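The values are calculated or read from the model by the stated rules, or taken from the named source; none is laboratory data. Computed from a prediction, not measured in an experiment: that's the story for all the values here. Every residue, glycine as well, gets a Cβ built from its backbone with ideal geometry; the counts of neighbours run over all protein chains shown.
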Amino acid sequence: MLAAGEPGSNSLAIFGAVFGCGMAIIGASIGIGFIGGKAAEAIARQPQIGGRILTAMIIAAALIEGLTFFALIICFLAIFWMKG
Amino acid sequence: MLMVTVAAVILLMIVPLGAGKKRLRPKGLQNLIESICVFLREEVARPALGESTDQFISFVWTIFFFILTLNLLGMVPTESAYYLITGRENHFGGAAATNIWITGALAMVTFILTHAAGIKRYGLLKYLSHLAPKVPLPILPLIYVLEIVSALVRPFALAIRLFANILAGHIILATFIGLIVIFKSWGVAVGSVAAIVAMSFLELLVAFIQTYIFTLLSTLFISLAIEAEHV
């Protein structure tokens, strides 16, 4: 095992990738938590359109998750599919 | 390839059974398929597409049922069942959406359809000039580049969203099963099986939600291409 930062070792890349993955999760959870909170507030104001608000919330959450998985795939790239 | 063929064969056998007779009050399988189709046509396609709903509705229905069948077939553990019955290692069943090429192919079909529909309606040059709204001339090249980049990134986002959601679910299941293999104790097995059951429920929910999101976004992209909103 080579030390981090030496040419020929990818331990720094793995560290960067895992750290980036954690930061992506922070962004996604803040975003989706915000949306969930606003949706709950909106349903509390007007319970009769609860179904439409739920649909909008699910759609927004899935879109945010899509972007998060984008970042996750880039992290996978750095860990598994980089040379050396 | 195998699962895609199996899904296509299953759909080709089951959907015509449900769509055969025209009944005034559909029941059973026909009711199920028709209610999903009516929901997709009224709630997803008609608000976005308007008058061209009937032109693109067969694509919307096909995409929805195909991806739904692929995702639901991925939850059936045919690989383990075959191993339990015959004792041979195999790779017979799995979720087809965990293959980036399959989701990429579906996203590419959407991409080609949206731009072909736009070009067919407006002609190539007029469609390209529709991509940018009316902005002052100095920033028009920048807005144009941004629109082109976003039009090129959209199929990648579609493909990776479906791929990563289904793959993440299956990786979590494999991790929980791997915990049993590592620890080799009954307590861990009981907890792990409970966690696997819970995660399977979540994965079923994700399967439905992701097919709905894929279908909805495809419809939205088609509607963006064929309506003259930036005129």
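Filtering segment B:76-120 to residues that are charged (D, E, K, R) and modelled with pLDDT under 85 leaves B:Glu79, B:Arg88, B:Glu89. Within segment A:29-46, the presence of a residue that is among the hydroxyl-bearing types (Ser, Thr, Tyr) and within 12 Å of another protein chain (Cβ to nearest Cβ) is excluded.
Of everything listed in (1) farther than 22 Å from A:Phe70 by Cα; (2) among the basic types (Lys, Arg); (3) touching a helix residue (DSSP H, G or I) at 6+ places or on another chain (Cβ under 7 Å), the single unmet condition for B:Arg161 is (1). Does A:Gly50 count as surrounded by 12 or more Cβ atoms within 10 Å (Cβ to Cβ), within 20 Å of B:Ala157 (Cα to Cα) and away from chain B (no Cβ under 14 Å)? Criteria not met by A:Gly50. Close contacts from segment B:138-167, counting a first residue that is of a type in the set (S, T, N, Q) and a second that is part of a helix (DSSP H, G or I) and buried (at least 22 other Cβ atoms within 10 Å of the Cβ), with Cβ to Cβ under 6 Å and a gap of 6+ residues or different chains, come to B:Asn165/B:Gln210. Every test in (1) modelled with pLDDT under 90; (2) touching an Asp or Glu at 6+ places or on another chain (Cβ under 7 Å) is passed by A:Ile74 save one, and that test is (2). What number of residues in segment B:124-137 are without any contact (Cβ under 8 Å) to a residue 12 or more places away in the chain, of a type outside the set (S, T, N, Q) and surrounded by 11 or more Cβ atoms within 10 Å (Cβ to Cβ)? Of the residues in that region, 4 qualify. For the structure I just gave you, tell me whether B:Leu217 is within 30 Å of B:Arg46 (Cβ to Cβ) and free of Cβ contacts under 8 Å to residues at least 12 places away in the same chain. So B:Leu217 fails the test.
Considering only segment A:53-84, state which residues are outside any helix (DSSP H, G or I) and away from every other protein chain (no Cβ under 14 Å).
Here is the first cut: in segment A:53-84, the ones outside any helix (DSSP H, G or I) are A:81-84.
Result: A:Met82, A:Lys83, A:Gly84.
You will find that of B:Phe214, B:Phe163, the residue that is within 14 Å of another protein chain (Cβ to nearest Cβ), on the phi < 0 side of the Ramachandran plot, of a type in the set (Phe, Trp, Tyr) and touching a Leu at 6+ places or on another chain (Cβ under 7 Å) is B:Phe214 and no other. Contact map, segment B:100-114: residues that are more than 25 Å from A:Leu77 (Cα to Cα) and touching a residue at least 60 places away in the same chain (Cβ under 8 Å) paired with residues that are of a type outside the set (D, E, K, R) and surrounded by 15 or more Cβ atoms within 10 Å (Cβ to Cβ), Cβ distance under 6 Å, separation 6+ or inter-chain. Pairs shown: B:Thr110/B:Ser218; B:Thr114/B:Phe221; B:Thr114/B:Ile222; B:Thr114/B:Ala225.
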